[in-house]
Protein chains: 2
Amino acid sequence: MEKVKPRTLSGFMELLPARQVQFDRMVDSLRETYSLYGFTALDTPVIEASEILLAKGSGETDKQMYRFTKGDADLALRFDLTVPLAKYVAMHAGELTFPFRRYQIGKVYRGERAQRGRFREFYQADIDVIGDGALDISNEAEIPGIIYRSFTRLGLKRFCIRVNNRKVLSGFFEILGLSEKAGDIMRAVDRLDKVGPDTVRDILTQDCAVSSSDAGHILDFISPAAATEEKLAAYRGKSGLFDTGAEELTTVLRYMSAFGVPHEAYRADLTIARGLDYYTGTVYETTMLDHPEIGSICSGGRYDDLAGYYTDKKLPGVGISIGLTRLFYVLGEQGYLNDSLLTAPADALVIPMTDDIGPAVSLTTLMRDAGIRTQLYGENKKFKAKIAYASKLGIPYAVFLGEDEIAAGKAALKDLNTGTQELFDYEELISRIKSGVLSLSQGPVIIDK
Amino acid sequence: MEKVKPRTLSGFMELLPARQVQFDRMVDSLRETYSLYGFTALDTPVIEASEILLAKGSGETDKQMYRFTKGDADLALRFDLTVPLAKYVAMHAGELTFPFRRYQIGKVYRGERAQRGRFREFYQADIDVIGDGALDISNEAEIPGIIYRSFTRLGLKRFCIRVNNRKVLSGFFEILGLSEKAGDIMRAVDRLDKVGPDTVRDILTQDCAVSSSDAGHILDFISPAAATEEKLAAYRGKSGLFDTGAEELTTVLRYMSAFGVPHEAYRADLTIARGLDYYTGTVYETTMLDHPEIGSICSGGRYDDLAGYYTDKKLPGVGISIGLTRLFYVLGEQGYLNDSLLTAPADALVIPMTDDIGPAVSLTTLMRDAGIRTQLYGENKKFKAKIAYASKLGIPYAVFLGEDEIAAGKAALKDLNTGTQELFDYEELISRIKSGVLSLSQGPVIIDK
């Protein structure tokens with residue numbers, strides 16, 4: 001029979017079992033955190049009608065879309081979780097209760113040029129709060145608390161949540177009479193971290209044709225040196241938009257500590273814009289202090305109109321997204337994953353030492369009833385090979401059951417980490433394994449010194 | 001702005017939030033059960049190279065496949081989880097430890113004609129044990145225990161696991177000298193439940209050209225009236241294949257009770273064949289006693305060669321699959337889903353009664369720290385609308401925090417199911433909510449009287 005060479009497409013993450021356990025643990029941790037904030041889980045289809053995904057219209061994502069026909073149907077794979085959410089809310093508005101809080105952790109597809117650390121199939125972990133016509137600022141204030149708990153619970157320590165408000169930026173440009181150049185200026189400003197203030201000044205005056213005095217105002221305004229409150233105060237009363245933004249930003253910052261975010265974990269950063277069209281209020285970025293080169297690991301913001309291309313209903317919202325596959329890849333590359341946590345498929349391996357495996361099967365069933373993840377080893381192999389099987393998989397306990405043990409109502413328990421072996425009755429055996437496994441399962445997914 | 005009508009493709013299940021919670025609970029229950037048996041989770045890509053998915057070659061699934069190109073690549077969506085597993089094991093054989101036990105719960109795609117209760121995107125929940133060259137019969141004996149625990153844990157009671165062995169069937173036809181007609185005969189026999197023995201006899205003698213005496217032997221052999229052991233004994237010693245099958249089937253049945261399957265939950269059924277090519281040993285089907293029309297809700301069996309189209313390595317295995325989306329749909333239609341379990345997105349809704357929401361935010365954070373899924377209601381609405389929000393979502397508790405409560409270090413807790421309202425300090429409030437939510441979360445996913 002002619003063989004087809006087995007392969008996985010490039011740009012598609014496929015993990016070995018132990019790594020998969022680590023990834024799933026990260027997903028479970030996020031599910032738990034999102035649930036704590038009252039978000040309900042959604043699971044929309046991976047395939048949608050192309051016209052649904054193209055409705056919003058964005059050149060870049062449209063080009064990357066996996067689009068195809070089946071029969072008469074023009075279909076495509078979702079490239080994010082926001083457009084399917086918009087469709088869902090527009091379709092089901094009458095059946096949902098607003099504000100509607102949902103999370104979705106699922107795969108999305110972008111046919112980008114494949115390169116190291118870039119994925120064509122990747123998980124996004126999104127939350128959004130959607131209002132019906134209006135949405136209170138408290139929802140925007142709550143988001144940094146969610147980001148903080150999400151990453152802290154995973155074990156990440158050295159990160160910073162950066163917060164801004166788009167109305168502050170737009171109002172500021174309005175005050176300077178530079179609204180029409182806002183897009184170009186924001187793109188220049190966005191490069192501050194990379195190229196420094198002098199180069200930004202050059203770009204502003206030369207490429208954006210901003211006066212030297214205005215360039216100075218802009219650089220002062222975005223400089224991290226001065227306190228945000230002072231900078232906001234300096235421009236208040238000159239633009240309604242600016243004042244609203246300043247008010248909102250102040251509110252978000254005011255409740256930060258009540259939402260559980262310590263002072264060192266966030267800062268206001270007037271340079272953050274997060275694209276030009278979509279966001280209208282608070283915007284968020286999250287960076288790893290030791291790996292700024294990765295860019296933001298959790299971003300999002302407030303938008304005024306989730307689903308304008310599907311419905312006349314005004315649906316403002318606020319949301320964030322974590323690019324989970326890329327984050328996991330980077331954490332693995334940088335040695336952040338906690339390899340000391342149990343990744344074995346089982347807590348214990350029962351090895352029958354008699355021809356009739358009945359008693360070993362019964363003990364295995366008893367252990368499973370007690371919640372112990374148990375494998376029964378039935379293969380016809382040498383004893384050494386059976387132990388090697390457990391060791392290779394990192395299964396922490398082996399249980400031996402021979403004639404003598406069966407007669408005595410006991411079993412031999414071998415701790416494969418310490419090498420010690422002892423005889424226990426079944427109840428004691430189960431409690432030993434459970435407490436041992438518990439201690440091997442303590443600790444965060446990520447180790448961040 | 002011209003609107004696109006929001007819609008979801010037909011044949012794609014998209015659930016409202018409360019239903020989604022029920023579905024996810026089913027998935028979580030299966031994950032837990034599969035884990036108890038020492039299966040590790042895999043997550044392979046949804047997209048594979050077409051040649052990978054077509055390697056096995058099966059006319060029906062090939063036609064249903066979603067296949068498309070992106071750039072130069074000829075791609076397709078997986079139509080099951082077995083072919084991707086075969087690819088994975090063939091690719092990574094050197095890095096895996098055998099027997100390799102994996103589960104995968106994921107979406108698969110089949111472009112079938114859409115009809116009520118048929119899905120084009122649906123979840124399969126699969127487990128497989130793959131051996132390297134050999135695999136002990138104990139793995140086949142273990143599977144009914146997994147099926148039994150999976151469904152029992154979900155709450156299903158009235159179901160039957162039917163077990164057979166393909167070698168018994170093939171050996172039996174060999175003994176009668178009917179091996180060449182085995183396929184036709186098995187298709188006829190498979191209709192026994194539907195059309196009855198007389199019609200099957202007619203099909204056998206007329207369509208299959210089986211002698212009237214052989215037709216009698218066949219009908220006697222598959223008849224549920226006689227005991228399996230007797231029927232097996234009657235033909236022993238006449239075919240090596242038959243004897244091996246009889247031995248294997250006897251072994252599987254012998255360990256059934258030690259693996260935790262009570263007598264009333266299974267039976268040997270010599271009519272079960274599960275297709276003609278793939279399975280070679282034990283085969284399983286599971287039927288709901290009150291809904292035989294649904295067909296098998298969990299099927300599978302032993303195969304000798306998982307990945308022959310990718311590798312020379314001999315990879316025998318045994319596996320089962322649950323068609324989760326269809327099962328969930330049917331359970332919903334038939335009123336099996338336990339609607340008394342909490343499906344609200346939150347356990348409690350905190351309603352601030354002061355302009356400064358700081359104290360309410362702090363209490364909310366405290367509740368989340370304690371593991372209570374909490375929403376903070378910040379919208380500018382009438383009090384009645386705030387309570388209506390909680391009621392509509394089925395959130396069981398509302399917490400009110402006004403000036404007096406804040407001054408006293410207390411909060412008012414309203415049980416929305418009973419209507420009672422009482423003042424508690426925060427610690428007591430948290431413990432009340434936790435115990436209330438615990439009791440609302442007890443019970444199985446499925447109610448089967």
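Under a 5 Å amide H cut-off, with hydrogens placed 1.01 Å from N, A:ALA41 pairs with A:TYR103 among residues at least 5 apart or on other chains. Give me the aspartates and glutamates in straight-line cross-link reach of B:LYS434: C-alpha distance below 14 Å, same-chain residues under 8 apart excluded. Partners within reach: B:ASP347, B:ASP369, B:ASP415. Think of each Lys and Arg Cβ as +1 and each Asp and Glu Cβ as -1; about the Cα centre, that makes the dipole of the stretch A:348-440 roughly 560 debye. Take chain A, connect every pair of alpha-carbon atoms lying under 10 Å apart with a spring to form a Gaussian network, then pick out the residue of A:ARG368, A:ARG31, A:ARG78 with the largest mean-square fluctuation. Looking only at A:ARG368, A:ARG31, A:ARG78, the biggest GNM fluctuation is shown by A:ARG368.
Where does the charge balance sit around A:ARG116 when Lys and Arg score +1, Asp and Glu -1, over other residues with C-beta under 12 Å from its C-beta? The answer is +2.
Please state, as a whole number in µm²/s, the translational diffusion coefficient that the Stokes-Einstein equation yields for the stretch A:1-129 at 25 °C and 0.890 mPa s, with Rh defined as the Kirkwood radius across alpha carbon pairs.
After rounding, the answer is 146 µm²/s.
The rotation axis bringing chain A onto chain B passes closest to the chain A residue reported with its distance as A:PHE68, 2, by C-beta distance in whole Å.
Place a +1 charge on the Cβ of each Lys and Arg in the protein assembly as shown and a -1 charge on the Cβ of each Asp and Glu, then give the dipole magnitude about the Cα centre in debye, rounded to the nearest 20. The partial results should precede the final answer.
On the way: 108 positive and 124 negative charges, 147 e Å.
Dipole magnitude for the protein assembly as shown comes out near 700 debye.
By the scheme Lys and Arg +1, Asp and Glu -1, what is the net charge of all other residues having a beta-carbon under 12 Å from that of A:ALA18? Neighbour charge sum, excluding A:ALA18 itself: 0. Counting charges near B:ILE357 (Lys, Arg +1; Asp, Glu -1) among other residues having Cβ under 11 Å from its Cβ returns a value of -3. What are the aspartates and glutamates whose alpha-carbon lies under 16 Å from the alpha-carbon of A:LYS313, with same-chain residues fewer than 8 places away excluded? Result set, ordered by chain and number: A:GLU95, A:ASP132, A:ASP304, A:ASP305, B:GLU2.
Scalar couplings 3J(HN,Hα) for the stretch B:188-194, obtained by applying the Karplus form with A = 6.51, B = -1.76, C = 1.60 to θ = phi - 60°, are 5, 4, 4, 8, 3, 4, 7 Hz; x denotes Gly and Pro.
Shown for B:HIS217, A:HIS263: other C-beta atoms within 10 Å of each C-beta, ranked fewest to most, produce the order A:HIS263, B:HIS217.
Note that the stretch B:432-449 has calculated 3J(HN,Hα) couplings of 4, 4, 4, 6, x, 5, 4, 6, 7, 9, 7, x, x, 5, 10, 9, 10, 4 Hz, one per residue in order, obtained from phi through the Karplus relation 6.51 cos²θ - 1.76 cosθ + 1.60 (θ = phi - 60°); glycine and proline are x.
When chain A is treated as a Gaussian network with alpha carbon springs shorter than 10 Å, the biggest mean-square fluctuation among A:ALA370, A:ALA411, A:ALA390 belongs to A:ALA370. Ordered by the number of other Cβ atoms lying within 10 Å of each residue's own Cβ, fewest first, A:GLU142, A:GLU427, B:GLU379 fall into the sequence A:GLU427, B:GLU379, A:GLU142. Scaled to the globular estimate 2.2 N^0.38 Å, the Cα spread of the stretch B:27-95, given as radius of gyration, is 1.32. When we measure straight from the Cα of A:LYS314, which lysines land under 17 angstrom away, once same-chain ones fewer than 8 places off are left out? Within the straight-line limit of under 17 Å, A:LYS314 reaches these lysines: A:LYS56, A:LYS87, B:LYS3, B:LYS5. Spatial offset of the stretch A:165-231 relative to the stretch B:1-28 amounts to 44 Å, using the alpha carbon center of each. What separates the B:ASP220 label point from its copies, with the point 7 Å along Cα to Cβ, is 10.6 nm, written shortest first. Mind listing P(r) for the stretch B:146-297? All alpha-carbon pairs, 10 Å bins, whole percents. It works out to 11, 40, 35, 13, 2, in whole percents.
For the options B:VAL129, B:VAL350, B:VAL261, a Gaussian network treatment of chain B with springs between C-alpha atoms closer than 10 Å singles out B:VAL350 as fluctuating the most.
Think of the protein assembly as shown as a dipole: +1 on every Lys or Arg Cβ, -1 on every Asp or Glu Cβ, centred on the Cα centre; then among B:ILE357, B:VAL89, A:PRO17, B:VAL89 lies furthest on the positive end. Computed per residue of chain B from DSSP H runs no shorter than four, each worth -39500 (n - 2.57), the mean residue ellipticity at 222 nm is -11500 deg cm²/dmol.
Just to confirm the number: angle between the C-alpha axis of helix A:166-175 and the first principal axis of chain A, 0 to 90 degrees, nearest 10? Roughly 20 degrees, rounded to the nearest 10.
Distances between copies of B:LYS384, taken at a point 7 Å out from Cα along the Cα→Cβ vector and listed shortest first: 8.2 nm. Can you give me the angle between helix A:383-393 and the longest principal axis of chain A, using Cα atoms only, in degrees from 0 to 90, rounded to the nearest 10? Computed tilt is about 10 degrees.
Using only the alpha carbon atoms of the stretch B:1-63, find the Kirkwood hydrodynamic radius as the inverse mean reciprocal pair distance, in angstroms to one decimal. Write out the running numbers ahead of the final one.
Details: mean 1/r = 0.0615 Å⁻¹.
For the stretch B:1-63, the Kirkwood estimate is 16.3 Å.
With all pairs of different C-alpha atoms in the average, the Kirkwood value for the hydrodynamic radius of the protein assembly as shown is 30.5 Å. Could you bin all the Cα-Cα distances of the stretch A:17-333 into 20 Å bins starting at 0 and give me the percent of pairs in each, rounded to whole numbers? Whole-percent P(r) values from 0 Å outward: 30, 59, 11, 0.
Relative to its residue count, the stretch B:60-186 spans a Cα convex hull of 211 Å³ per residue.
Values in this text are rule-based calculations from the coordinates and carry no lab data. Computed from a prediction, not measured in an experiment: that's the story for all the values here. In this analysis, Cβ positions are derived from the backbone assuming ideal geometry, glycine residues included, and neighbour counts consider all displayed protein chains.
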